[in-house]
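Structure first, then comments.
The values are calculated or read from the model by the stated rules, or taken from the named source; none is laboratory data. Here the structure is a predicted model, which means the values were calculated and not measured. Reconstructed Cβ throughout: ideal geometry from the backbone, glycine too, with neighbour counts over all protein chains shown. For the accessible areas, the whole protein counts, side chains as well, though only heavy atoms, and no ligand, DNA or RNA atoms are used. Shrake-Rupley method; radii C 1.70, N 1.55, O 1.52, S 1.80 Å.
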Amino acid sequence: MRIERAHLHRIRLRLKAPFRTSFGEERDRECLILSLKAEGLTGWGECAATAEPGYSYETVGTAWHILRDFFLPALFGAEIHSPEVWPERLRGYRGHLMARAAVEMALWDLWGKLEGRSFRELIEGERQRVPVGVSIGIQESPERMLEMVESFLSAGYRRVKLKIAPGADVQIVRLVRERHSDLALWVDANAAYTLEDRKVFQALDQLSLGLIEQPLAEDDLLGHRDLQSLLQTPVCLDESVHNAREASQALALNACRVINIKPARVGGYLEARAIEQLCRARQVPVWCGGMLETGIGRAANLALASRPGFVLPGDISASDRYYAEDIAQPLFELNPDSTIDAPKGPGLGVEVDEVALKKFTLAEEQILP
Ligand code: OSB
Ligand code: MG
């Protein structure tokens, strides 16, 4: 196929509740939606970059610039024989992994629609139902966090991840653990600590947590190795891993025992699969992370997470956990066994509601070859 045109939408969706992490608070989710047209079909992609450079250096603005001025021109012109050629097309370019991933997602959607096959089939997913959990932002008090946890438990989630930050950690996690002794409980620090804070982690280590996600800085693999050597609880890396090579190096160093694979963070689904494969070969458990995606990105993540290496429940919650109104249908619902069905239709298996998309669009631009 040959891509005939592309369209960028900057959208803003109101989150049902503010999502606070160690790097800031999001009340609205701003992101970039990309569509690609070829042969009368439309492929949709979502770029997980945020309004501000909090989780990573990428923003909606940088992604817009990089897509319009470099990545989309690299896509136009030549025939695309498969989405697998995409990383090759960007060989001369560095970084901007979330912008890369958005194009790859739209190519998979388009390719699947063209071939009449689901992305789950194309990426060789195996399961019909994907085990999932929920990630809860920092709350104003420990009691409020406990209430949030309990409301998600009654909604049917069986694995809960709490965001932590200096000053909002051991006391809160301990309260939740005291009330729910058997709960699969994880924490995520989003890189907010240093090795000087080892006592915090030694205290958390007493609370039977499933894992401690990204305690230290993104570029501190040696620090993670030293911390992991002090703890029984597995350290899980998120921000530190951008590709299969870094995953392999982190494992060789014993900097972690689990990896959160976020397709957006590693530049797309091909790299995500490569990390899953290398971890599976080494019997390292992985799970699929999330970036509060709309139904578009969530559909793609579910397909990926149906692969056999994703042995831990992902941060892929039901649609009603995120937004009052989504831009894609059908909505994803939680099954009673804390799983979500992987989509089955051609491509990503979701329809974008163009009326809703328009309603939430702040800016748009058509990009032609
Ligand atoms: O660190 O996993 C993270 C959301 C935005 C940025 C970073 C993270 C997250 C989440 C949310 O934890 C996961 C989800 O999409 O439900
Ligand atoms: Mg994380």
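Each row is one residue, and each column tells you yes or no for (1) without any contact (Cβ under 8 Å) to a residue 40 or more places away in the chain; (2) more than 26 Å from residue 293 (Cα to Cα); (3) more than 16 Å from ligand 1 (Cβ to nearest atom); (4) of a type in the set (D, E, K, R).
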| residue | (1), (2), (3), (4) |
| --- | --- |
| 208 | yes, yes, yes, no |
| 223 | yes, yes, yes, no |
| 226 | yes, yes, yes, yes |
| 230 | yes, yes, yes, no |
| 233 | yes, yes, yes, no |
| 237 | yes, no, no, no |
| 248 | yes, yes, yes, no |
| 252 | yes, yes, yes, no |
| 260 | no, no, no, no |
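Considered as a group, the residues in segment 257-301 that are acidic (Asp, Glu) and over 8 Å from the mean Cα position of the chain (by Cα) include one that is farthest from residue 133 (Cα to Cα), and that residue is 271. The criterion of at least 1 residues that are within 16 Å of ligand 2 (Cβ to nearest atom) and touching a strand residue (DSSP E or B) at 6+ places or on another chain (Cβ under 6 Å) is met, among helices (runs of 4 or more DSSP H) falling completely within segment 251-369, by 269-281, 295-305. For segment 174-189, the set of residues classified as surrounded by 21 or more Cβ atoms within 10 Å (Cβ to Cβ) and either within 16 Å of ligand 1 (Cβ to nearest atom) or hydroxyl-bearing (Ser, Thr, Tyr) (or both) consists of 185, 186, 187, 188, 189, listed by residue number. Every condition in (1) away from ligand 1 (no atom under 15 Å from the Cβ); (2) surrounded by fewer than 16 Cβ atoms within 10 Å (Cβ to Cβ); (3) touching a residue at least 24 places away in the same chain (Cβ under 8 Å) holds for residue 199 except the one numbered (3). Restricting attention to segment 270-282 and to residues that are away from ligand 1 (no atom under 16 Å from the Cβ) and surrounded by 22 or more Cβ atoms within 10 Å (Cβ to Cβ), the residue that is farthest from residue 85 (Cα to Cα) turns out to be 279.
The single condition among (1) touching a Lys or Arg at 6+ places or on another chain (Cβ under 7 Å); (2) open to solvent by 10 Å² or more (accessible area, probe 1.4 Å) that residue 39 does not satisfy is (1).
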